[in-house]
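Structure, as structure tokens:
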There are 2 protein chains.
Amino acid sequence: MKEMPGPIDWNQMRALLATVEAGSLSAAAQRLGLTQPTLGRQVAALEEDLGIAVFERVGRRLILTEAGQRLVADLREMGAAADRVAMSAAAQSQSVEGVVRITAADIYAGHVLPPLLAKVRKAAPGITLEVLATGSISDLLRREADIAIRHVRPDQDGLIARRCRDTAAYVYGTPDLLDRLGRPSNGVELARCEMSGAIDGIEPFIAEMRQRGVPLSRANFPLLTQSGMTGWEWVCRGICVGPMVEAVARQTPEVEIAVPAIDPIPVPVWLVTHRELHTSRRIRLVFDMLVEHFS
Amino acid sequence: MKEMPGPIDWNQMRALLATVEAGSLSAAAQRLGLTQPTLGRQVAALEEDLGIAVFERVGRRLILTEAGQRLVADLREMGAAADRVAMSAAAQSQSVEGVVRITAADIYAGHVLPPLLAKVRKAAPGITLEVLATGSISDLLRREADIAIRHVRPDQDGLIARRCRDTAAYVYGTPDLLDRLGRPSNGVELARCEMSGAIDGIEPFIAEMRQRGVPLSRANFPLLTQSGMTGWEWVCRGICVGPMVEAVARQTPEVEIAVPAIDPIPVPVWLVTHRELHTSRRIRLVFDMLVEHFS
DNA sequence: TTTCCTTCATGCATTTACGTATAGTTCTTG
DNA sequence: CAAGAACTATACGTAAATGCATGAAGGAAA
């Protein structure tokens, strides 16, 4: 009505961007650590200030208007710049107190990291560790995590990756299941078993196994999951056989290597962080401890 | 200490950027329509969240630390993106209610615009007009104004400029002063008079007058000001002679043209706005009314 | 069709953040 | 050297924003 054109509330812009990217007010609220009514009000206030309707309320769903879509284009750049600021700030923080986020496959988060995390906490009690156990690879450039543990070579620019000692992986199964399968003794026999597998990781695994004389195909994987934990649970319960890194399987007494004659599969381990963040004291500290542990 | 790494408060970033650009908390507060304690707290909270010291409190002055300088680099990009969002939003606002900011030389703001503003307000009562009477040219690209009235050809990209009918300017003086000066009747005699002038506009004016046979030099301008209003006041009070557009001088009965024999100086008039903002309904409305008036 | 889950809107109590007023400090000006 | 101006830091009362709880409405699945 008679709005003095004071600068727009940047938090309201953040609310709009988060809502668009998350797809709903509720999801955006969770992501920002706020509540859904708050976000709803912020977006509404922004629409009021701007004088345009960003969302069209159709049923329970918010769909962007044309005007909203044009806004979001520039808004994403603003968000990217905000991320860069946060990144730059984190990089220059020389405090050993604060949060360090680590992302890793859920198997690693659950079975490999715990003793390591305890060591870090003991060495630097001021550091709060946050572990993102995620199947999909999170985006380091968007600062969803500070350090990532990956098993493929990172290809993004701006990242520094440190390759650690390879881990050996084998195909495991419970003794009970292996007995029922007739104790396969070579690759060809193993290729007749059903296996658990990760949804987006079986192709390279099949190729790797074929080099070792195990003629697998997609037909060997009737059970797929994006959760490494789930797949491993299937193996531990004798539902099927499946591959696992040796460091994890060693902690699981109820399984054994299905065919010891087959050579282990080398699994590379990369520790990845931003080039920026490598100058942060506490992130550097955690990174170095991870490197030491994996080397 | 134990800060859950929720996204950074964007308003705190805005506070920091404004403080850096304004040079002090107080100035930034005025610019953002907030108060100094509020801004101080926001900046302090941001420093706490980021874990780094952005400012070094030395005496009454805040000077950026090295870390702060690196932050600000990205922060400016964020601010620029925010401006683009605001611009895009304003451009798409099809409401005839809202604020339209016009920037013009103070002389225009005081003597030429008033009747025009009344006309606009009558035609569109929902529009709030805000006039920035500024000596220096404000930055349209940073959305300090929606429409600018200028007398030089705009060279920035992204702007659309509409040239209007030129205005004639003469050198004026009070009859009393002209009598004391011996009633100069040609350019050479006029060049012996003292004149008022704008700090950053006398060079082209001198060149223009020389073409008309008035051999002026910088020595003719012992009184300089960046305020057109002030300079004209000097002329009206008989302190010196000085140039003025005819449309303004006509409203001032106490002055007369110093040397009628000299040809008038054509003063171009450009109306300038963003290419973006030209699609805004209310800005387009005001712009068109200005064009109509000046043509 | 019916049921259940998800999502957005609203009312109310509370906490947070803001503005006003004031004191303290430093740099400048006469 | 002294007085004033400008800026930042602190205290306190108040207003605004937030969170919780609830309701309503739409869509998916049985």
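The values are calculated or read from the model by the stated rules, or taken from the named source; none is laboratory data. Keep in mind that what you see is a predicted model, and the values were worked out from it rather than measured. Here Cβ is always computed from backbone atoms with ideal geometry, including for glycine, and neighbour counts include all displayed protein chains.
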**Study point:** Residue ID - surrounded by the most Cβ atoms within 10 Å (Cβ to Cβ), chosen from residues in the stretch A:200-229 that are of a type in the set (K, R) and assigned to a helix (DSSP H, G or I)
**Key:** A:R210
Revision key, fill the gap. When every residue in the stretch A:165-199 that is touching a Ser or Thr at 6+ places or on another chain (Cβ under 8 Å) and surrounded by fewer than 17 Cβ atoms within 10 Å (Cβ to Cβ) is compared, the one farthest from A:V272 (Cα to Cα) is A:I199
Check your understanding: For B:E97, are the conditions met, namely being within 16 Å of DNA strand D (Cβ to nearest atom), within 13 Å of chain A (Cβ to nearest Cβ) and touching a strand residue (DSSP E or B) at 6+ places or on another chain (Cβ under 9 Å)?
Key -> no
Practice item. Could you check, for the stretch B:36-55, whether at least one of its residues is at pLDDT below 90, more than 9 Å from chain A (Cβ to nearest Cβ) and closer than 30 Å to A:A53 by Cα? Key: no
Study note, to complete from the structure: When restricted to B:T35, B:T65, the only residue within 16 Å of DNA strand D (Cβ to nearest atom), more than 22 Å from the chain's Cα centre (by Cα) and more than 30 Å from A:R281 (Cα to Cα) is B:T35
Study note, to complete from the structure: Within the stretch B:230-255, restricting to residues that are part of a helix (DSSP H, G or I), touching a strand residue (DSSP E or B) at 6+ places or on another chain (Cβ under 8 Å) and in contact (Cβ under 8 Å) with a residue 60 or more places away in the chain, the one that is nearest to B:V112 (Cα to Cα) is B:A247
Review point. In this structure, does A:A67 turn out to be within 12 Å of chain B (Cβ to nearest Cβ), in contact (Cβ under 8 Å) with a residue 12 or more places away in the chain and under 23 Å from B:A81 (Cα atoms)?
Key: yes
Check your understanding: Which is in contact with a strand residue (DSSP E or B) (Cβ under 9 Å, 6 or more places away or on another chain), in a helix (DSSP H, G or I) and within 13 Å of chain B (Cβ to nearest Cβ), of A:A109, A:A91, A:A82, A:A28?
Key -> A:A91
Point to revise | Residues located in the stretch B:70-79, provided they are within 8 Å of chain A (Cβ to nearest Cβ) and within 16 Å of DNA strand D (Cβ to nearest atom) | key: none
**Study point:** Hits in the stretch B:178-204 - residues which are among the charged types (D, E, K, R), free of Cβ contacts under 8 Å to residues at least 12 places away in the same chain and closer than 25 Å to B:M229 by Cβ
**Key:** B:R180, B:E203
Exercise for review: Kindly establish whether A:F221 is in contact with a strand residue (DSSP E or B) (Cβ under 7 Å, 6 or more places away or on another chain) and within 16 Å of A:A191 (Cα to Cα).
Suggested key: yes
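Output the residue which, of all residues in the stretch B:38-62 that are among the acidic types (D, E) and within 15 Å of DNA strand D (Cβ to nearest atom), is farthest from B:N11 (Cα to Cα).
B:E56
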Practice item. With respect to B:I102, determine if the residue is more than 8 Å from every other protein chain (Cβ to nearest Cβ) and farther than 15 Å from B:R282 by Cβ. Key: no
Study note, to complete from the structure: Per the filter on the stretch A:31-42, residues assigned to a helix (DSSP H, G or I) and crowded, with 16+ Cβ neighbours inside 10 Å are A:L32, A:L39, A:G40, A:Q42
Check your understanding: Got a number for residues in the stretch B:46-60 being within 15 Å of B:S24 (Cα to Cα) and without any contact (Cβ under 8 Å) to a residue 12 or more places away in the chain?
Key -> 5
Review point. Is there a residue being surrounded by fewer than 20 Cβ atoms within 10 Å (Cβ to Cβ), hydroxyl-bearing (S, T, Y) and out of contact with any Cys (no Cβ under 9 Å at 6 or more places or on another chain) anywhere in the stretch B:95-109?
Key: yes
Exercise for review: Go through the stretch B:13-25 and give me each residue that's assigned to a helix (DSSP H, G or I) and either more than 24 Å from A:Q94 (Cα to Cα) or within 11 Å of chain A (Cβ to nearest Cβ) (or both).
Suggested key: B:M13, B:R14, B:A15, B:L16, B:L17, B:A18, B:E21, B:A22, B:L25
Practice item. Take B:A73 and decide whether it is surrounded by 20 or more Cβ atoms within 10 Å (Cβ to Cβ) and assigned to a helix (DSSP H, G or I). Key: no
